[in-house]
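The values are calculated or read from the model by the stated rules, or taken from the named source; none is laboratory data. Note that this is a predicted model, so its numbers are computed, not measured. Reconstructed Cβ throughout: ideal geometry from the backbone, glycine too, with neighbour counts over all protein chains shown. We work out accessible area using only protein heavy atoms, side chains counted, and drop any ligands, DNA or RNA first. Shrake-Rupley method; radii C 1.70, N 1.55, O 1.52, S 1.80 Å.
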Amino acid sequence: ATSSVTVGSEAPDQRNVISGNRLAGVFLDGGGTTGSQVLNNYIGTDTTGETADGTAGSNLGNGTNGVLTRATILNTIQGNVISGNGADGLRLENDFVSPGTGQPPAPCQQFPDLPGCQAPDPCAGSSVIRGNKIGTDKDGLSPIVNAGAGVVLSSSAGVKLGVAEAGGGNVIAGNGST
């Protein structure tokens, strides 16, 4: 099982620029992947977060999704600029918990010491997506189009898309469609 992976940093000045990859910029995969964080990165843009245009007219965006998670839970995707990518900005597939069952999510049943499994109610929610700019520049004002949707939740339940606190909302605009 993979847990507690951090891509980026709580400090925005220590962010990663994740661009120009043939496939997804960030890919979290697997049933045991839980409690990971993707924080304050520029995914699909240049180092300024203001464009996906490279030199000589090249596109800096990632070839497919900016961020792709598959069969993961209890992750945080926060404070990123996810723009200029060749498919969806953010795609979550099979990201779910077992709300209302009284049972923790399957990875917590198998690995009870994983981060997030000791929460007061580990069944209360799944991954959290907050404070991101998806399909825009770093200021959320100018479009930097992801070719697909801004956010896709496929076979996912309990995902929190934005939270009710200062800076907890996402700006999702300027995206294409699939």
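Can you find even one residue in region 140-147 that is under 13 Å from Leu90 (Cβ atoms), in a loop (DSSP other than H, G, I, E, B), touching a residue at least 24 places away in the same chain (Cβ under 8 Å) and among the hydroxyl-bearing types (Ser, Thr, Tyr)? The answer is no, given that none of the residues of region 140-147 is under 13 Å from Leu90 (Cβ atoms), in a loop (DSSP other than H, G, I, E, B), touching a residue at least 24 places away in the same chain (Cβ under 8 Å) and among the hydroxyl-bearing types (Ser, Thr, Tyr).
Take the residues in region 154-171 that are open to solvent by less than 80 Å² (accessible area, probe 1.4 Å) and of a type in the set (A, V, I, L, M, F, W, C); name whichever of them is modelled with the highest pLDDT. By that ranking, first place goes to Val171.
Residues of region 92-115 that are open to solvent by 60 Å² or more (accessible area, probe 1.4 Å) and either at pLDDT 80 or above or among the aromatic types (Phe, Trp, Tyr) (or both): Asn94, Phe96, Phe111.
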